[in-house]
Every structure is written in structure tokens, then in C-alpha cells.
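Worksheet: one structure, shown below.
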Amino acid sequence: MTHQVYAFEPPERFVAGTVGPPGERTFYLQARGGGRLVSVALEKMQVALLAEKLEELLAEAHQRFGAELPASAEGPADNEPLDTPVDEEFRVGTLGLAFDVETSTVIIEAIAAEEAEFDAETETADDEDDDEDATPEISDDLDRLRVRLTPAEVRQFIDRAKRVVAAGRPPCPLCGQPLDPAGHLCPRHNGYHRR
């Protein structure tokens, strides 16, 4: 089975963005460069986690390798919408991060979700014991998007990703769940609507 590696080292633009109204948004990572445009879909939680882990990676790179880090995003904020057309190449299952010490760059890799079905009948007790200490292996036959960014570009990506995640529906002040424009069944009010 052939797989596609979409490599942008470096991209002209790499952002997280959404399509659709709040509550029905689809989240994307989008890379542009060399006349190519690649968009991959992922979950809101994956975008939030990616931003958090990138911050941790930058802090560790500074501590361990003395990498020069910008205190905040440099230059104007990228608030532009995703480039069109937004054609989903694949849905992200796994995100990988690495810091290249030689070039002082961050490598982000978004790997397609596997579409294999789990067959519970083939699982045995011996297999379960062996899998406890094993880390999941990622197949080389999966499509992937790979970008290489400078720490300043990573900081810009983090800032935009946080804005995109926060731009959804406001949370209920009582239970923290997103408020729906049609009304909210708050568990703290025993199921009565809040508007």
C-alpha cells in the first residue's frame, strides 16, 4: 500500500483553523508552500494538546540545549482564514514532535488515523500480558504531514491555535460545558434550560 508524505521544510504558512459555525466546527492543520496546499482534519482537543506540548518542547529545548526562544510571538498575528479550497487529505490519529538540535528547529508530524478494525476474538491472555509494557507502533504505511518550524514560527502557531480553540461557544459559568445558542441543559440546574 502506498502512502503519501507531505513535507514542508519549511512551509510558507502553517496554521490551525476551523470551518463551520461554533458547535459544528471542523478543525484543520493547514500547510502551504511550494505551490502546494495540504489540509488535515483533527479534533479540537488535539489542537489544544498540540499547542500545550509545543510550549513544553520549546521550554525543554531552551533548558537542555540552550535554544534561543522568543518570549512571545513576533510580528503581526495571523488571523486570516484557512486558505481555500480546504480539501481534507486525511484525519489525524497521531501527532509527533521533535526538536532538531543541529538546525534549532521543531518538527511536527501529523499521522493519519489507522482504519483497521480491532478483532477482539483474536486477542488472547498471552497477548495482553505482552502489550502492557509495549508502546503502540505507528505503521509506515500511513499518510503523514511533516513541517519544520523555527521557534519563532512555533510560538506564532501556538498563539493562533489557542485563539482558534478559545473562539468556540462560551462555557456555562456553572458546569463549564459549551453553551448552545438554542439553550443549555445544565446538570447543575437539574436539567432546566439556561439561556
Among ASP133, ASP141, the single one that is at pLDDT 80 or above and in a loop (DSSP other than H, G, I, E, B) is ASP141
task: Answer yes or no as to whether ALA59 is free of Cβ contacts under 8 Å to residues at least 24 places away in the same chain and among the small types (Gly, Ala, Ser).
output: yes
From the option list ALA61, ALA67, single residue qualifying as surrounded by 13 or more Cβ atoms within 10 Å (Cβ to Cβ) and assigned to a helix (DSSP H, G or I) is ALA61
Does PRO11 satisfy the criteria of being crowded, with 18+ Cβ neighbours inside 10 Å and assigned to a loop (DSSP other than H, G, I, E, B)? yes
Is it the case that some residue within the stretch 72-84 is in a strand (DSSP E or B) and polar (S, T, N, Q)? no
Residue pairs qualifying under the 6 Å Cβ cut-off, at least six apart or on distinct chains, with the first in the stretch 169-188 being closer than 16 Å to ARG25 by Cβ and the second being assigned to a strand (DSSP E or B) and open to solvent by 50 Å² or more (accessible area, probe 1.4 Å), are ARG169/PRO178
Are any of the residues in the stretch 68-83 of a type in the set (Ser, Thr, Tyr) and modelled with pLDDT under 90?
-> yes
Matching residues in the stretch 14-40 (surrounded by fewer than 19 Cβ atoms within 10 Å (Cβ to Cβ) and either under 9 Å from the mean Cα position of the chain (by Cα) or of a type in the set (Lys, Arg) (or both)) number 3
If you go through ALA7, ALA41, ALA31, ALA51, the only one that is at pLDDT 95 or above and farther than 23 Å from ARG155 by Cβ is ALA41
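The values are calculated or read from the model by the stated rules, or taken from the named source; none is laboratory data. A quick note: this is a predicted structure, and the numbers were derived from the prediction, not measured. Every residue, glycine among them, receives a Cβ derived from its backbone with ideal geometry; neighbour counts consider all protein chains shown. For accessibility, only protein heavy atoms count, side chains too; no ligands or nucleic acids. Shrake-Rupley method; radii C 1.70, N 1.55, O 1.52, S 1.80 Å.
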